Amino acid sequence: MLKLLDVVKLLVDYPEHGLLRGAVGTVIYEFPASELVYEIEFSNDKGETIVQIALRSEDVALYLEP
């Protein structure tokens with residue numbers, strides 16, 4: 001189970017949002033009605049938000065830096 005501000009890696013492509021597998025984002029919201037849906041923010045190298053998207057827990061994994 002993920003928690004607020006966890007850093008996650010995308011496990012699937014979402015080309016319609018400009019996101020490819022491996023993209024790294026941050027959990028910014030946990031939907032109260034579901035323990036399996038999270039709002040994830042993906043940013044560029046400057047810290048500017050590229051997209052915020054609601055994703056299921058099976059579409060992301062906790063990111064552990066190498």
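Is it the case, given these coordinates, that Asp6 is surrounded by 11 or more Cβ atoms within 10 Å (Cβ to Cβ) and either aromatic (Phe, Trp, Tyr) or in contact (Cβ under 8 Å) with a residue 40 or more places away in the chain (or both)? Outline the logic, then answer.
Values: surrounded by 11 or more Cβ atoms within 10 Å (Cβ to Cβ): yes; either aromatic (Phe, Trp, Tyr) or in contact (Cβ under 8 Å) with a residue 40 or more places away in the chain (or both): yes.
Yes: the conditions hold for Asp6.
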Looking at the range 37-47, which of its residues are within 15 Å of the chain's Cα centre (by Cα) and loosely packed, with under 13 Cβ neighbours inside 10 Å? Asn44, Gly47
Need pairs with beta-carbon distance below 6 Å; first residue within 17 Å of Val12 (Cα to Cα) and within the range 25-48, second part of a loop (DSSP other than H, G, I, E, B); sequence gap 6+ or separate chains. Val27/Leu2; Val27/Leu4; Val27/Asp6; Val37/Phe31; Tyr38/Leu2; Phe42/Ala23
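Answer with yes or no whether Val60 is β-branched (Val, Ile, Thr) and either at pLDDT below 95 or under 10 Å from the mean Cα position of the chain (by Cα) (or both). Give the steps one after another, and end with the answer.
Numbers: β-branched (Val, Ile, Thr): yes; either at pLDDT below 95 or under 10 Å from the mean Cα position of the chain (by Cα) (or both): yes.
So Val60 passes the test.
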Going through the range 17-36 in order, the residues found to be more than 9 Å from the chain's Cα centre (by Cα) and either more than 21 Å from Met1 (Cα to Cα) or at pLDDT 95 or above (or both) are His17, Gly18, Leu19, Leu20, Arg21, Gly22, Tyr29
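The values are calculated or read from the model by the stated rules, or taken from the named source; none is laboratory data. For clarity, every value in this text was computed on a predicted model and none was experimentally measured. Cβ: placed from backbone, ideal geometry, glycine included. Neighbour counts: every protein chain shown.
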